[in-house]
Amino acid sequence: MKKAFITGITGQDGAYLAKLLIEKGYEVHGGVRRISQPILSRLEWLGVEKDVHLHEFDLAEINNIHRVVRETEVDEFYNLAAQSFVGSSWNLPVYAGDVNGLGVVRILDCLRTLAPQTRFYQASTSEMFGLVQEVPQSETTRLYPRSPYGVAKVYGHYITTNYRESFGLHASSGILFNHESPLRGKEFVTRKITMSLAKIARGADAPLELGNMDARRDWGFAGDYVKGMWQMLQQEAADDYVLATGVTTTIRDFVSYAAQTLNMDLEWSGSGIDETATERKTGKTVVVINEKFYRPAEVDLLIGDSSKAAKKLGWKATVEVRELAEMMAKSDYDAIT
Ligand code: NAP
Ligand code: F7E
């Protein structure tokens, strides 16, 4: 039986990856931060909370990384833990650098000294492309991060390559474009949209407040992307791969797709800070803009080229953005009684 360790197992991707690896017959270990009330709700939602071995873990602390690497002796180590909300990274720039950047080298150095045969996956991100230098973005596109989150992830990405090249570790990075699900954190824009619209469809009055409606993202389904992570670690040689759908969509269009699922017909008017969406049947204002959700520096356009992953891994996104919006909106609507 193969063994794997997942940092960030309580997060969206960690929970989907844990389920996938359990289905594949792995013994799954995961790192959980000590907080006053551990939140295992995603693992519970997927019905796997009793099938995983949980260990106290924080990326900021080298000693506990040593401990889990020594004690678990895993075949595969997936580093999914991060301060993952880009918006907060301007308020927590040093913490983002420590956890998302230095946290990676803490793990890599423990693996180098204690478990050099263990295969390693690093959660790199399309946020590293930031102010994009090429359209679409691939593994060879020049990086230009636009947030403390993105800058820290660039360090994590390059130190993974460096440990592969310096010490021969089987260390791969997945450069993943945005991927969502009904388990997405509530502050990310897709889930914020589907939760708010579901509440409005159930009778709530408060409109959905958003920031930059013109930003474009390449959104896929998290379930597809964790399969790609696993596939990367099954290759004979470690490498870096982009995972993306190849389709880009504005925030505005994602709102419209989610609204259609909930039988809401939106009329858009105004622009910039004055833009609104009104529901035609009820006349209710459903979307307004609040400047507080604008970012100090924006990533305007992301669209990924995952042809390398398609060719070498046989990986392909199976859920297109309208289906994704429908899946998330239905799940949030059904959760409200
Ligand atoms: P998520 O839902 O926010 O999960 C993040 C996980 O990291 C949580 O389990 C969290 O624990 C844990 N964590 C945070 N700080 C930690 C620390 N100091 N020590 C140990 N654990 C810590 O994020 P996700 O969407 O699953 O993303 C997984 C990874 O992929 C992240 O590294 C993210 O940056 C990266 N990524 C995500 C996307 C995407 O679109 N989802 C795209 C590209 C890359 P708590 O539960 O205790 O908060
Ligand atoms: O923002 C715009 C916002 O917070 C998407 C993380 O998983 O994917 C994620 O990062 C866009 C931005 O995700 C609101 O300005 C407008 O342009 O959902 P998000 P993100 O920043 O793309 C990458 C790949 C990761 O690696 C990250 O870990 O939506 N936007 N209005 C808004 N965003 C939010 N959150 N809230 C708004 O009200």
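The values are calculated or read from the model by the stated rules, or taken from the named source; none is laboratory data. Nothing here was measured: the structure is a model prediction, and the numbers come from that model. All Cβ positions, glycine included, derive from the backbone under ideal geometry; neighbour counts span all protein chains shown. The area values use the complete protein model at the heavy-atom level, side chains included, leaving out ligands, DNA and RNA. Shrake-Rupley method; radii C 1.70, N 1.55, O 1.52, S 1.80 Å.
Quick look at the values:
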| item | result |
| --- | --- |
| Difference of contour (0.36 nm per residue) and Cα-Cα distance, E23 to S166 | 48.1 nm |
| Once the Cα gyration tensor of segment 254-297 is diagonalised, semi-axes √(5λ) in Å | 22, 12, 8 |
| Per DSSP, loop trypsin sites (Lys or Arg not before Pro) in segment 29-75 with at most 16 further Cβ within 10 Å | R33, R34 |
| Restricting segment 132-234 to GluC sites (Glu not before Pro) in coil, as DSSP defines it, with at most 14 other Cβ within 10 Å | E134, E187 |
| Of all accessible heavy-atom area on segment 210-337, the percent that carbon and sulfur account for (1.4 Å) | 46 |
| Residue-span extension gain [H66 to T318] - 0.36 nm each, minus C-alpha spacing | 87.0 nm |
| Scattering curve values for segment 209-275, log₁₀ I(q)/I(0), Debye with Cα scatterers, q = 0.13, 0.22 Å⁻¹ | -0.56, -1.00 |
| Directionally averaged shadow of the chain, computed from the convex hull of its alpha-carbon atoms, nm² | 16.7 |
| Euclidean distance between Cα centres, segment 6-42 to segment 186-253, Å | 20 |
| Pairs from K19/K50; K2/K227; K24/K316; K50/K186 whose Cα-Cα separation, in the structure shown, is over 22 Å | K50/K186 |
| Reach of K192 by Cα under 17 Å, taken over lysines that are not fewer than 8 positions away in the same chain | K292, K330 |
| Over the chain, relative contact order from alpha-carbon pairs under 8 Å, at least 6 apart, % | 17 |
| The chain - share of DSSP beta bridges that are antiparallel (%, nearest 5) | 20 |
| Accessible area of segment 223-337 divided out per residue, in Å², using a probe of 1.4 angstrom | 49 |
| Portion, in percent, of the accessible area of segment 120-184 that falls on carbon or sulfur, probe 1.4 Å | 51 |
| At most 15 other Cβ within 10 Å, DSSP loop - trypsin sites (Lys or Arg not before Pro), segment 74-180 | R142 |
| Column: log10 I(q)/I(0), Debye, Cα scatterers of segment 20-166, q = 0.17, 0.18 Å⁻¹ | -1.08, -1.17 |
| Accessible area per residue in Å² at 1.4 Å probe, computed on segment 103-159 | 39 |
| Segment 134-231, Cα convex hull volume normalised per residue, Å³ | 136 |
